[in-house]
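What follows is a single structure, written as structure tokens, with notes after it.
The values are calculated or read from the model by the stated rules, or taken from the named source; none is laboratory data. Everything numeric here is computed off the predicted structure, so don't read it as measured data. Positions of Cβ are backbone-derived with ideal geometry, glycine not excepted, and every protein chain shown enters the neighbour counts.
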Amino acid sequence: MTEPGTDATHPPAPDEHTDVVSAPPADAESVEDYYARIAAGAGGDGRLPVAVEEMPGWDIYPYELEGLRLKPIRPPADEEPPRRGEEPADCWCASAPSPDTDGTVVWTNTRWRLSLSRDTGLPIMLVLQPVEHHDLPTLPGDLAAEMGQLVVAVADAVEHVPSVGRVQLAKWGDGGAHLHLVFLGRPARMLQFRGSPLIDWEENLPRVPLEVLQANARVVAERMVVHVGGRAGDLGRSGPQG
Ligand SMILES: [Zn+2]
């Protein structure tokens, strides 16, 4: 899946030289001080009050306020835990590309793969990943430039799925080290699902059947090929899979 010579064209990651200019990291707040300020605002049981004047008070918030309370705030851990695939040799990308046995590959080119989440309550939820092992802060410049174009193309394509009103985009990366962007299709005219609570709704909604997800994803795949080239996945065209 690697194109010959691709690495030679990668610009270097940004230099870490901000400590010799006007904003040395030593001047920035430590997380211990950040935590101390939060702890000072919490009650004796370590709980902060629910911000009912913010999102929890909006009609798009999924949960009733009665009985709602935040968990006690925990102090910072001693260190960041390693994520899945922190070492490239341990990552899923170190083995040969997995065949599309479950019909969830939406679109690929030699550098990127767009996959369908088959466990979702949304009309469509997609994951965009580079084929080679990269994390976002160290993504080479040429892939970063292409990612920008792909984000636009995927966003356009998702918003052409008839049951989607708006695309949302997420990058978490606390679980897996290999860069993965998540595109969520917010159901059209279901205004209660607007905004950032969509991901909370998503986990509570009934799962959408795979054949429905695949039909929706075929809309995305065909627009991707038209706009950025590459190849559409099978997406159930050749019959039921996995
Ligand atoms: Zn990887």
Next on the checklist: Filter region 91-108 down to the residues that are at pLDDT 95 or above and either charged (D, E, K, R) or closer than 17 Å to residue 219 by Cα (or both) and list them by number.
Outcome noted: 104, 105, 106, 107, 108
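Suppose the filter is at pLDDT 95 or above, buried (at least 20 other Cβ atoms within 10 Å of the Cβ), closer than 30 Å to residue 140 by Cβ and in contact with a helix residue (DSSP H, G or I) (Cβ under 9 Å, 6 or more places away or on another chain); does residue 169 pass it?
Numbers: at pLDDT 95 or above: yes; buried (at least 20 other Cβ atoms within 10 Å of the Cβ): no; closer than 30 Å to residue 140 by Cβ: yes; in contact with a helix residue (DSSP H, G or I) (Cβ under 9 Å, 6 or more places away or on another chain): yes.
For residue 169, the condition - at pLDDT 95 or above, buried (at least 20 other Cβ atoms within 10 Å of the Cβ), closer than 30 Å to residue 140 by Cβ and in contact with a helix residue (DSSP H, G or I) (Cβ under 9 Å, 6 or more places away or on another chain) - is not met.
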Checklist entry - Is there a residue in region 56-78 that is over 30 Å from residue 231 (Cα atoms) and in a helix (DSSP H, G or I)? => result yes
Next on the checklist: Looking only at region 74-97, how many residues end up being away from the ligand (no atom under 12 Å from the Cβ) and basic (Lys, Arg)?
Outcome noted: 1
Checklist outcome for this item: If we keep only residues of region 83-119 that are among the hydrophobic types (A, V, I, L, M, F, W, C) and part of a helix (DSSP H, G or I), then the residue surrounded by the most Cβ atoms within 10 Å (Cβ to Cβ) is 93
Checklist entry - Which residues, taken from region 98-138, are touching a strand residue (DSSP E or B) at 6+ places or on another chain (Cβ under 8 Å) and within 12 Å of the ligand (Cβ to nearest atom)? => result 113, 129, 130, 131
Next on the checklist: Pairs please, first residue from region 202-229 and closer than 20 Å to residue 168 by Cα, second anywhere and at pLDDT below 95 and part of a helix (DSSP H, G or I), Cβ atoms under 6 Å, 6+ apart in sequence or on different chains.
Outcome noted: none
